[in-house]
Amino acid sequence: MGFELWRHKTRAWLFHFVGQDDRAFAEYATAFQLAPTASAACHLGFIACTKNRFAEGATWFAKASALDPTNADTLFNLGFAHEQGGQAADSIAPFAAAVKLNPALDRAWYGLAMANARLGKHAEAASALEETVRLQPMHGEAWYHLGMACHLCDQLDRLKEVIVRLRGFEPKRANQLIKDCARPEVAHLHTELPF
């Protein structure tokens, strides 16, 4: 069985390497049947997600997570598959588990924030976005969404701070935030750009 498993894993890797994802998927599936591993399940989840089969991808990432429950990246991938598949509520637990295992995993904080925002939980989104921008201080999109969350939570002082910070490195995005908030209290922070 060792050689058979090795053969399917090697063929899967080669097919994936040359862009034949359907054939790679079939080989990884056979390898998983021979010896269920988190690695094979992750490969299957990744291929399914690249084909926009997010529910199937989530199923594979859930299997991978069950086989290796301490892998924060796998939990992030599970949350991502749920979120991309339109299941924001289902993505929150994996994202939260990922940041609990690895608090420095900025993309999991961002995923957690966006899932909460989609569910209208703007205070929770703002909290996760605060961690995202702490870890990635030049993440303009995260700053923008933090500003929107502050706006929706009526945190005017923090909204102003976010706009000023964002103006420092992405003035166009800061101007868009001001426009999208449509609050007269922040209109004076608009930056005139030469282009």
> Looking at region 158-168, is at least one residue assigned to a loop (DSSP other than H, G, I, E, B), hydrophobic (A, V, I, L, M, F, W, C) and surrounded by fewer than 16 Cβ atoms within 10 Å (Cβ to Cβ)?
Replying inline: no
> Restricting attention to region 10-21, and to residues there that are touching a residue at least 12 places away in the same chain (Cβ under 8 Å) and open to solvent by 60 Å² or more (accessible area, probe 1.4 Å), which single residue is farthest from N71 (Cα to Cα)?
Replying inline: R11
> For region 27-37, how many residues are within 27 Å of the chain's Cα centre (by Cα) and surrounded by fewer than 17 Cβ atoms within 10 Å (Cβ to Cβ)?
Replying inline: 1
> With Q20, Q33 as the choices, which residue is out of contact with any helix residue (DSSP H, G or I) (no Cβ under 8 Å at 6 or more places or on another chain), among the polar types (S, T, N, Q) and closer than 26 Å to P94 by Cα?
Replying inline: Q33
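This table checks each residue for (1) touching a helix residue (DSSP H, G or I) at 6+ places or on another chain (Cβ under 6 Å); (2) of a type in the set (F, W, Y); (3) at pLDDT 95 or above; (4) part of a helix (DSSP H, G or I).
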site	(1), (2), (3), (4)
N52	no, no, yes, no
A55	no, no, yes, yes
A81	yes, no, yes, yes
S91	yes, no, yes, yes
A98	yes, no, yes, yes
> What residue, of D106, D73, D90, is under 16 Å from A38 (Cβ atoms) and among the acidic types (D, E)?
Replying inline: D73
>> For a quick check of your reading of the model, give me the residue pairs whose first member lies in region 28-42 and is aromatic (F, W, Y) and part of a helix (DSSP H, G or I), whose second is open to solvent by less than 30 Å² (accessible area, probe 1.4 Å) and modelled with pLDDT under 90, with beta-carbon atoms closer than 6 Å and at least 6 apart or on different chains.
In response: Y28/A12
> Which of the residues that make up region 107-155 are within 19 Å of F76 (Cα to Cα) and not in a helix (DSSP H, G or I)?
Replying inline: L119, Q136, H139
> Taking region 63-77 as the search range and keeping residues that are under 16 Å from A108 (Cβ atoms) and in a helix (DSSP H, G or I), which one is most open to solvent (accessible area, probe 1.4 Å)?
Replying inline: D73
>> If I go through region 10-27 residue by residue, how many of them are at pLDDT 90 or above and out of contact with any Phe, Trp or Tyr (no Cβ under 9 Å at 6 or more places or on another chain)?
In response: 1
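The values are calculated or read from the model by the stated rules, or taken from the named source; none is laboratory data. Values in this document were obtained by computation on a predicted structure and should not be read as measured data. A quick note on method: Cβ atoms are made from the backbone with ideal geometry, for glycine too, and the neighbour counts reach across all protein chains shown. Accessible surface areas use protein heavy atoms only, side chains included; no ligands, DNA or RNA. Shrake-Rupley method; radii C 1.70, N 1.55, O 1.52, S 1.80 Å.
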